[in-house]
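Below you'll find the structure, written out as structure tokens, and then a few comments.
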Amino acid sequence: MCGIVGYIGYKNAKEILLEGLKSLSYRGYDSSGIALKEESSLLIVKSEGKLENLEAKIASFSIIPTLVTDLTSTNFNREVNARGQELLDKSTCGIGHTRWATHGKPNFTNSHPHQDEVGNIAIVHNGIIKNFFDLKAKLEDEGFVFKTETDTEVVAQLIYKFKLQGKDLKSALREALKLVDGSYAIAVIAKDDDKIYLAKNQSPLIIGIGDKENYIASDSSTVVQYTNKILRLKDKQIAVLSANDVIVEDLEGNSVAIQIIHSTQTASIMEKGQYKHFLEKEIHEQPTVISKMIADAFVDETINEFKQLDFSFKDISKITFVACGSAYHAALVGKNIIEHWAKIPVDVAIASEFCSKPALVSKTDLVIGISQSGETADTLAAIKNAKSANAKIMAITNKNDSAIFDLCKPNNYVTPAGIEVSVASTKAFTSQVLAMYLLAMKICQDKKLNFDFQSNIYELRALPIIIGECIERENQYKSQMIKYSNYRDFLFLSRGVNYPIALEGALKLKELSYIHATGYPSGEMKHGPIAILDSTVPVLNIAISGKTEFEQTIYKKTLSNAEEAKARMSPSIVIACDSDENVENLFDEVIRIPDVSQIFSPIVATIPLQFLAYFIAENLGKDVDQPRNLAKSVTVE
Ligand code: M6R
């Protein structure tokens, strides 16, 4: 993970870097830092914790001189500190970083930018240098002295080593990277060089081309407020930036033709509006997102989406979804719907596990990656794995300017959830779940199956209203839910199409409130997890009655499994439809959702679970939008 930014041009670099880091803080917020360059001076300012800490440090730079000693990690920059304020005010060239710790604790020392031994260069890095341990040991044997626990410092020291051998910065970077095994998006500046040097392998890095200025970021949404001319660096490329020029080369030093795309993205609006948190705002946006998706999806009773796919589903014998976290849960809903409606076998793999063995797929297999960010390294690797085994590949993503989107072109479906700022997924998740229904219908259409489009589309069209009604119950939910704030363990149970929603509810509660929660299939509880149950472990069940005999059986079995938990004295909670009279006497707490059929209930049942996690986290005083240890976009495997 981590986010990196850079600027070279004629404007105040510090302002642009801080603005960029703000928009990239979804990639990690353990620490942040910037390096500014002017003439032959470098200034590094960095701080542990959220970006506000760095901003405060910079703002108090001239007012609190005692902080000056804090501003660099080394003594040899003392002369630079004297010029610190001047650099902050005048520098038009710099790089910045927001960190999600991989190697080394999330403290000041390990925060980026890092330096070589003599403080000549400053480097920021997103990725993981897999062989850093061996490289570091070898450099230490050669007498190089390290100050941090990070893998990044190895690259800084390698550059220094090659510079000592008389190489210029570009050649030294190239030689260093030839020794490195791993993923990286890197930006380097140096006291004795006027340019910014970039390198990329498996971690995203874009250049925004301006007029007499150039921008660098991990994500194009960070620079579209300045320029829509975007150059996406490819793996194993090095770029050299000055204010007026961009040169791209491969690792052998051969120049590479530049391909600039014109981004249609607009600058992201990061306003909370009337809401206290982005999470609450994003929960409230769901009826609009779902409504738009459904409106765009159909012309009469025909699916209007997936038109650009370069294959037909009638030629596909099996689908495998690869995804992580919430996207994995959406895929599990997809398995239920697609197998039920379209009668194609569906596998769902956690992306990192799919990469742990050879992909058993062939050319009639379709492997679909689901990813909000379109950058998740595990999902990207899983799709690549499938591609190299000759499977058809496809993506369902919220970002049309992402590595996963690019890899799967033209086989993409872009969810219109819009930017999701809060780290915990809400509207992106429900839009992924809805995409599963649209996909299943598209398969039925391509395979000319005897499927009742009319009545199912009718039910789909009712969803935004039902979800909206659920959201209107926010206050009622709050009064029912916050009393559960002090429990330390939760079990979430359901069966069939709502089992993935039990997983999602548990994940949401864990990541927002840090309360331990496990999602389990209702029927599996008696095979082990039942041992943890007592009066200190609430069990939340999702029990939605059904129209068909099959759905009724699922419902009844869910209730009887809930009874088994209740018999162990666990506080019992249920999410059930308004008209369900069975549940009132069975459960301690009945959380009502408007009536909805079982097959369409996953999206609706998700809403109270999002509120449950939100209210408990807020009640416990947790950082709702940026929970500890997490990042929105997980770009390391
Ligand atoms: O961007 P992606 O959809 O690929 O991200 C996958 C997971 O990292 C993500 O869903 C994560 O689990 C969220 N924190 C869930 O709220």
>> Can you order the peptides 203-214, 366-377 by their average number of other Cβ atoms within 10 Å per residue, highest first?
In response: 366-377, 203-214
>> For region 266-308 and region 604-637, what is the centre-to-centre distance using only Cα atoms, to the nearest Å?
In response: 20 Å
> Which one of Leu18, Ser402, Leu179 has its Cα pushed farthest toward the positive end of the charge dipole of the chain, where Lys and Arg give +1 and Asp and Glu give -1 at the Cβ?
Replying inline: Leu179
> Amide H to amide H, which residues 5 or more places from Leu586 or on other chains are under 5 Å from it, using H placed in the peptide plane?
Replying inline: none
> Arranged from highest to lowest average of other beta-carbon atoms within 10 Å per residue, in what order do the peptides 22-29, 306-313 appear?
Replying inline: 22-29, 306-313
> Whose amide H sits under 5 Å from the amide H of Ile393, counting only residues 5 or more places off or on another chain, with H placed in the peptide plane?
Replying inline: Val367
>> For region 522-617, which trypsin sites (Lys or Arg not before Pro) pass both filters: DSSP loop (anything but H, G, I, E, B) and at most 13 other C-beta atoms within 10 Å?
In response: Lys547
> Ranked by Cβ crowding within 10 angstrom, fewest neighbours first, how are Lys387, Lys46 ordered?
Replying inline: Lys387, Lys46
> Taking Cα pairs under 8 Å and at least six residues apart, what relative contact order does region 3-270 come out at, in percent?
Replying inline: 20 percent
> Along the principal axes of its C-alpha atoms, what lengths does region 272-471 span, in descending order and rounded to whole Å?
Replying inline: 50, 39, 25
> If you take the C-alpha gyration tensor of the chain, multiply each eigenvalue by 5 and take the square root, what semi-axes do you get, largest first, in whole Å?
Replying inline: 47, 28, 22
> Of Lys37/Lys170; Lys357/Lys409; Lys307/Lys442, which ones are farther than 21 Å apart at the Cα?
Replying inline: Lys357/Lys409
>> Using each residue's phi in region 345-357, evaluate 6.51 cos²θ - 1.76 cosθ + 1.60 at θ = phi - 60° and report the 3J(HN,Hα) Karplus result to the nearest Hz, with x for Gly and Pro.
In response: x, 10, 9, 10, 10, 5, 4, 5, 6, 4, 7, 8, 8
> Residue-wise, which Karplus ³J(HN,Hα) couplings in Hz belong to region 108-120, taking 6.51 cos²θ - 1.76 cosθ + 1.60, θ = phi - 60°, and x for glycine or proline?
Replying inline: 4, 4, 7, 6, 8, x, 9, 10, 7, 4, 9, x, 7
> Hey, got the dipole for region 272-471? About the Cα centre, +1 on K and R Cβ, -1 on D and E Cβ, debye to the nearest 20?
Replying inline: 360 debye
>> Over the Cα atoms of region 473-637, what radius of gyration and what Dmax do you get, in Å?
In response: 15.3, 48
>> Sort 97-109, 180-192 by the packing proxy (mean of other Cβ within 10 Å over each peptide's residues), most packed first.
In response: 180-192, 97-109
> In the chain, with Lys and Arg counted as +1 and Asp and Glu as -1 at Cβ, which of these residues, Met569, Pro358, Thr92, has the Cα nearest the positive end of the dipole, that is, farthest along it?
Replying inline: Pro358
>> As a footprinting exposure proxy, order Ser431, Ser535, Ser32 by other Cβ within 10 Å, with the fewest listed first.
In response: Ser535, Ser431, Ser32
> What percent do you get for the relative contact order of the chain when only Cα pairs under 8 Å and 6+ apart count?
Replying inline: 12 percent
> Among the listed pairs Lys318/Lys427; Lys57/Lys272; Lys234/Lys335; Lys57/Lys130; Lys22/Lys46; Lys178/Lys212, which are separated by more than 22 Å between their Cα atoms?
Replying inline: Lys318/Lys427; Lys57/Lys272; Lys234/Lys335; Lys57/Lys130; Lys178/Lys212
>> Whole angstrom only: what separates the Cα centroid of region 331-405 from the Cα centroid of region 17-38?
In response: 32 Å
> Which whole-Hz ³J(HN,Hα) couplings does region 313-325 yield from phi under the Karplus relation 6.51 cos²θ - 1.76 cosθ + 1.60, θ = phi - 60°, glycine and proline marked x?
Replying inline: 5, 5, 9, 9, 9, 7, 10, 10, 8, 10, 6, 10, x
>> Compute, for the chain, the length of the dipole vector about the Cα centre, with Cβ point charges of +1 (Lys, Arg) and -1 (Asp, Glu) only. Units Debye, rounded to 20.
In response: 660 debye
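Report the relative contact order of region 146-244, percent, no decimals, based on alpha-carbon pairs under 8 angstrom and at least 6 residues apart.
RCO, region 146-244: 22 percent.
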> Non-local amide H neighbours of Gly182 (under 5 Å, H modeled in plane, Pro and chain starts lacking H): which ones?
Replying inline: Lys130
>> Among Gly374, Asn385, Thr415, which residue has its Cα furthest toward the positive end of the charge dipole of region 272-471, with +1 on Lys/Arg Cβ and -1 on Asp/Glu Cβ?
In response: Asn385
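Each reported figure results from applying straightforward, stated rules to the coordinates on display, with no laboratory input. Note that the structure is predicted; figures quoted are calculated from it, not measured. FYI the Cβ positions are ideal-geometry reconstructions off the backbone, even for glycines, and counts take in every protein chain you see.
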